[in-house]
Amino acid sequence: MLKIDCHTHILPRKLPNWTEKYGYGDFIYLQHHKRGYAKMMRGNQFFREIRENSWNPELRIREYEKFNTSVQVVCTVPVMFSYWAKPYDCLDISRFLNDHIAELIQGHPQNYLGLGTIPMQDSELAVMELERCKSVGLSGVQIGSNINDLNLNEERFFPIFEACAKLGMAVLVHPWNMMGQQQIQRYWLPWLVAMPAETTRAICCMIFGGIFERLPELRVNFAHAGGSFLPTIGRIAKGFECRPDLVAIDNAVDPRKYLGKFWVDSVTHDTFMLEYVLRLQGSKRVTLGSDYPFPLGDLEIGKFIENMNLDQEVKADIFYRSALEWLNVDIERFKE
């Protein structure tokens with residue numbers, strides 16, 4: 001069975017020193033300090049150590065083939081978004097990263113699909129780069145759950161979503177710039193607690209802000225199984241019902257009616273939770289995801305799904321059919 005992993009991250013092997021180029025900021029660069037490894041540095045601060053599978057396409061193929069995976073959908077690491085930078089500098093970085101992914105896809109058309117990054121802090125530049133992403137063969141874009149603390153329902157971002165819908169470009173929303181992270185640094189809580197909350201924030205803002213209502217053709221996928229949105233949909237819907245004066249001020253449609261209107265990936269790490277997600281979303285709105293190559297991901301790439309007592313049609317939806325629909329890609333591309 002074809003398996004398309006819809007949530008993976010990649011970087012070029014070498015990154016320019018953008019801090020030197022622009023004369024400000026703590027932009028990410030790589031220190032290749034030992035064979036097969038590199039340190040991601042943010043200014044003078046160590047961010048994380050990554051392995052060669054973060055940039056080597058052939059190594060990645062060998063690794064994911066072990067888990068019967070055929071295709072990776074690749075996008076940059078969210079710390080590269082650089083929404084805080086000057087807009088034209090962020091555009092420059094986005095172009096560099098997007099060109100790298102486009103070249104990867106051109107060299108391995110049956111192994112990779114790509115999502116670009118765009119300067120969300122400037123809608124005009126973002127739409128311009130979105131159009132270029134489509135022209136170089138990318139299937140969509142990855143964006144953050146908030147943009148410099150601004151929620152996705154802000155009207156300034158609507159032209160970007162409108163352009164995505166018009167161009168048929170898919171959107172992956174990934175949590176970043178996590179709320180309250182300075183207060184919860186211990187125990188890795190920004191990743192364990194704030195990331196799921198960030199994704200819930202993004203989904204609620206897109207629902208209550210009326211983005212899905214205004215753009216029903218917009219195809220959006222939310223990372224990490226939608227964060228804590230689906231487990232807390234009861235509370236969210238209750239809030240909509242009991243305090244419409246606070247919740248339903250921009251969109252009067254019940255949030256439950258949007259279940260199955262957007263996609264989420266399968267990164268639950270838990271069979272019971274995936275069963276719950278499938279019950280709410282339906283299998284046609286759940287894509288296989290791994291968050292490869294990072295340790296918090298499902299690095300056995302859907303093995304737990306293969307071992308679940310699910311109908312083969314459901315597994316086919318998760319493993320590739322829902323991905324093809326979300327990305328608007330023809331299955332014939334992967335047939336030899």
Starting from one equal scatterer on each C-alpha and no solvent at all, send me the Debye-based log10 I(q)/I(0) for the stretch 218-322 at q = 0.10, 0.17, 0.18, 0.24 Å⁻¹, two decimals.
-> -0.31, -0.78, -0.85, -1.29
Taking only protein heavy atoms and a 1.4 Å probe, the highest-to-lowest accessible-area order of Leu2, Leu230 is Leu2, Leu230
At what distance in nm do the modelled label points of Leu59 and Met128 sit from each other, each positioned 7 Å from its Cα along Cα→Cβ?
-> 3.6 nm
Which value, in debye to the nearest 20, gives the size of the charge dipole of the chain about its Cα centre, when Lys and Arg are +1 and Asp and Glu are -1 at the Cβ?
-> 540 debye
Full-extension gain in nm, Lys21 to Ile249, via 0.36 nm per residue minus C-alpha separation | 77.6 nm
Using modelled amide H (1.01 Å from N, peptide plane; none on Pro or chain starts), what sits under 5 Å from the amide H of Tyr292, excluding residues fewer than 5 places away?
-> His9, Asp298
Whole-number percent relative contact order across the chain, with pairs defined as alpha carbons under 8 Å at least 6 apart = 16 percent
Counting only residues 5 or more places away or on other chains, whose amide H sits under 5 Å from the amide H of Leu172 once H atoms are built in the peptide plane?
-> Val141, Gln142, Ile143, Asn221
Eligible aspartates and glutamates near Lys21 by straight Cα distance, threshold 16 Å, same-chain separation 8 or greater | Asp89, Asp92
Ignoring ligands and nucleic acids, what accessible area does Glu58 show with a 1.4 Å probe (Å², nearest 10)?
-> 90 Å²
For Phe208 the rounded accessible area (nearest 10 Å², probe 1.4 Å, non-protein molecules ignored) is 40 Å²
Structure-based [θ]222 nm, the chain - -39500 (n - 2.57) summed over DSSP H runs of at least 4, per residue, nearest 500 | -10000 deg cm²/dmol
Dipole of the stretch 175-258, Cα-centred, from +1 at each Lys and Arg C-beta and -1 at each Asp and Glu C-beta, to the nearest 20 debye?
-> 220 debye
How high is the FRET efficiency between Glu155 and Ala237 when r is their beta carbon distance and R₀ equals 30 Å, given to the nearest 0.05?
-> 0.75
Taking His174, His269, His224, His32 and ranking on accessible area (1.4 Å, protein atoms only), highest first, one gets His269, His32, His224, His174
Heavy-atom accessible area of Arg201, protein chains in place, probe 1.4 angstrom, given in Å² to nearest 10, is 50 Å²
Would you mind putting 152-161, 89-98, 307-316 in packing order, based on average other-beta-carbon counts within 10 Å, highest first?
-> 89-98, 152-161, 307-316
What is the antiparallel percent of DSSP beta bridges lying wholly in the chain, to the nearest 5?
-> 35 percent
In order over the stretch 310-327: 3J(HN,Hα) from phi, Karplus 6.51/-1.76/1.60, θ = phi - 60°, whole Hz, x for each Gly or Pro, gives 10, 4, 4, 5, 5, 4, 5, 4, 5, 6, 8, 5, 5, 5, 4, 6, 4, 8
At what distance in nm do the modelled label points of Arg13 and Gln185 sit from each other, each positioned 7 Å from its Cα along Cα→Cβ?
-> 3.5 nm
Taking only protein heavy atoms and a 1.4 Å probe, the highest-to-lowest accessible-area order of Tyr187, Tyr258 is Tyr187, Tyr258
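The values are calculated or read from the model by the stated rules, or taken from the named source; none is laboratory data. Computed from a prediction, not measured in an experiment: that's the story for all the values here. For neighbour counting, all protein chains shown are included, and Cβ atoms are generated from backbone atoms with ideal geometry for every residue, glycine included. Only protein heavy atoms, including side chains, enter the accessible area calculation; ligands, DNA and RNA are left aside. Shrake-Rupley method; radii C 1.70, N 1.55, O 1.52, S 1.80 Å.
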